[in-house]
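The values are calculated or read from the model by the stated rules, or taken from the named source; none is laboratory data. Bear in mind the structure is a predicted one, so any value in this text is a computation, not a measurement. Note: ideal-geometry Cβ built from the backbone for every residue, glycine included; neighbour counts use all protein chains shown.
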Amino acid sequence: MIDSKQAAAALSDIDDIVRRVRQSQVYNLASLIMIWWGVLVFAGNIATWLWPWYAAYIWPAVNTGGVLGTVVISALLQIRARLRAVDGRVVAAYVLFYAFGYFCSDVLGDFGPRELGAFWPIYFMLFYVLAGLWFGQAFVALGLAITVLTLVGYFYVMGGTFLLWMAVVNGGGLVLGGLWMRWN
Amino acid sequence: MADLDDIIHQPLRLRIMAALNALPQGTGLEFSRLKKLTGATDGNLGAHIETLAKAGYVDVEKAFVGKKPQTTVTATAAGRGAFARHVAMLQEIIAGGGGERA
């Protein structure tokens, strides 16, 4: 026998599970993309530390690889899990993201290598935090943690060591964050 | 008016069906993922999945990924239909305002 209170409780239970399933699907996709970006950013920072004069080639390669990887991972998951994860809006979002970042760092401002090294991760993490407001607190926690550690590095880690710091904080942080999402 | 579906109405089975129903048709969830989502123990979850499978509400597929066994549970068309009817019945009870239903 069941009354309206019990029926409402059952429906609320259903809503809770549906929300968790959807969040887990978002985390599943986002975690793979984060690990991919983390590996690229780690490699990019190490490569820039080793061969700083090639930075102008290294970072466009990292960003291009990141965007292509995002599209490929999303498309593969879309096929496997029948999720609608990638469409023209994802590509448009990346274009707008990079256009605005370039506008700020190269047109409005004249950032040096150190400023660029801090600006792009912080700018990237801003979107993680914003996405987290809708898709789950893990994004907010990760975005804030990497932002704070990036600022600590920018103000207190001097010279070329800053690149190593960013390799660990930004690259390592994204990989660990992605793995954490998969385990949880 | 139809009665509530006793097979689905049990709280853990309701959660299992809700989780599977939230996925696109033909897509399943791995046992370990379902366990995390529902908060059930291995034995409990296994027993309730078996009940749902016997009723024809879910398909259970066992495979090996590398050397690890992997069980995937998917809602059948009959299961999705039964779940939809069950949810409609719950909504009807709420709209009816408190009358008890078997």
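Among the residues of segment B:26-44, are any part of a loop (DSSP other than H, G, I, E, B), at the interface with another protein chain (Cβ under 9 Å from one of its Cβ atoms) and farther than 18 Å from B:MET89 by Cβ? Within segment B:26-44, one or more residues are part of a loop (DSSP other than H, G, I, E, B), at the interface with another protein chain (Cβ under 9 Å from one of its Cβ atoms) and farther than 18 Å from B:MET89 by Cβ. The listed residues are A:VAL95, A:VAL21, and the only one of them that is hydrophobic (A, V, I, L, M, F, W, C) and buried (at least 17 other Cβ atoms within 10 Å of the Cβ) turns out to be A:VAL21. A single member of A:ILE58, A:ILE73, A:ILE46, A:ILE2 is touching a strand residue (DSSP E or B) at 6+ places or on another chain (Cβ under 6 Å) and surrounded by 12 or more Cβ atoms within 10 Å (Cβ to Cβ), and it is A:ILE2. When you check B:VAL87 against the structure, is it of a type in the set (Val, Ile, Thr) and more than 10 Å from every other protein chain (Cβ to nearest Cβ), yes or no? The answer is no for B:VAL87. Is there a residue being modelled with pLDDT of 90 or more, in contact with a Lys or Arg (Cβ under 9 Å, 6 or more places away or on another chain), surrounded by fewer than 19 Cβ atoms within 10 Å (Cβ to Cβ) and of a type outside the set (A, V, I, L, M) anywhere in segment A:5-13? Yes, the conditions are met somewhere in segment A:5-13. Give segment B:45-56 a look and list any residue that's among the hydrophobic types (A, V, I, L, M, F, W, C) and either surrounded by 19 or more Cβ atoms within 10 Å (Cβ to Cβ) or within 13 Å of chain A (Cβ to nearest Cβ) (or both), or say none. Passing the criteria: B:LEU45, B:ILE49, B:LEU52. The test for being of a type in the set (A, V, I, L, M, F, W, C), closer than 19 Å to A:TRP36 by Cα and surrounded by 11 or more Cβ atoms within 10 Å (Cβ to Cβ) holds for A:LEU142. Taking segment A:92-115, which residues are touching a residue at least 24 places away in the same chain (Cβ under 8 Å) and under 17 Å from A:THR64 (Cα atoms)? The answer is A:TYR94, A:PHE97, A:TYR98.
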